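These notes concern the structure reproduced below.
The values are calculated or read from the model by the stated rules, or taken from the named source; none is laboratory data. Given the structure is predicted, the values throughout are model-derived calculations rather than measurements. Cβ: placed from backbone, ideal geometry, glycine included. Neighbour counts: every protein chain shown. Remember, those area values only see protein heavy atoms, side chains included, never the ligands or the DNA or RNA. Shrake-Rupley method; radii C 1.70, N 1.55, O 1.52, S 1.80 Å.
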Amino acid sequence: YGHGAEPSGDGQLVFLSYWDSGFIALDVSNPSSPVFKGRTVYPANADGDAHSSNYDDARKLLFTADEDFCKNSGPGIETGYGYLRVYDYSRLGAPRQIAQFRTQNSLGQGSLGAGDYTIHNPFLVGTDLYISWYSDGVRIVDTRDRTKPKEIGYFVPPAGQNPVKPSQRGVLSQTPQVWGVVVENGLIYASDMNTGLWVLRRK
């Protein structure tokens, strides 16, 4: 199913996150008649879950987030939680994955009750990618080398003491749950479902 839409800077393209169907590129230069241009295809052993993305117009790169909460999805499927993929979209009809980035916790080797270690939303500023990553907080990833994303900073808020269990599916009420991140005027705004809004500044 369709989940999110990421436009190009000029408004001529939109990238749709379509869960197990990957990320779909549409030409919307004529908004009343969108034209399918291509889509990403997951490897056979992937769990999918295309959730959100951010497009780098200058480099024609799509930074994508797979929101996968199941660290064990069945025989023949890779283990671990959802993570970042980097696609080269220089050819709209044939996007190709050129890199990935995972946190150590997203490999899924820890306790199930320790947190939700899946990626959620990426936000690109220049070549630095700010990522909301649930119990792994905010991760800052340097993408100057498009094939080797490298973490250069992070912030994980303390666990909340929320006496009310959230209504969402299986959300853990006593762990960090960073759901969104935006950068504006040198400040990082991160929303945690359990502890609220955090306003951060990079050193």
Per the 1/(1 + (r/R0)^6) rule, R0 = 25 Å and r from the Cβ atoms of Tyr154 and Trp19, FRET efficiency to 0.05 is 0.40
Straight-line reach from Lys203: which lysines fall under 21 Å, measuring Cα to Cα and dropping same-chain residues less than 8 apart? Lys150
Quick check: with the 1.4 Å probe, what order do Trp19, Trp179 take by accessible area, largest first? Trp179, Trp19
Show which lysines lie in cross-link reach of Lys37 when reach means a straight Cα distance below 29 angstrom and same-chain residues fewer than eight apart are skipped. Lys60, Lys148
Counting only protein heavy atoms, what percent of the accessible surface of the chain is carbon or sulfur at a 1.4 Å probe? 52
Kirkwood-Stokes translational diffusion coefficient of the range 25-73, alpha-carbon pairs, 20 °C, 1.002 mPa s, µm²/s: 163
For the chain: accessible area per residue (Å², 1.4 Å): 49
Taking only Cα atoms of the range 1-41, what ratio of Rg to Rh do you get with Rh as the Kirkwood inverse-distance radius? 0.96
Among Ala94, Asn45, Ala25, whose Cα projects farthest towards the positive end of the dipole of the range 1-98, with charges put on the beta-carbon of Lys, Arg (+1) and Asp, Glu (-1)? Ala94
Note down the nm distance, to one decimal, between modelled labels 7 Å out along Cα→Cβ at Trp179 and at Arg91. 4.0
5 Å is the cut-off here: which amide hydrogens, built 1.01 Å from N in the peptide plane, fall below it relative to Asp47, excluding neighbours closer than 5 in sequence? Glu78
Rule-of-thumb Rg ratio for the chain [Cα; 2.2 N^0.38 Å; N residues]: 1.02
Taking a cut-off of 14 Å between Cα atoms, list the aspartates and glutamates near Lys71, but don't count ones fewer than 8 places away on the same chain. Asp47, Asp49, Asp116
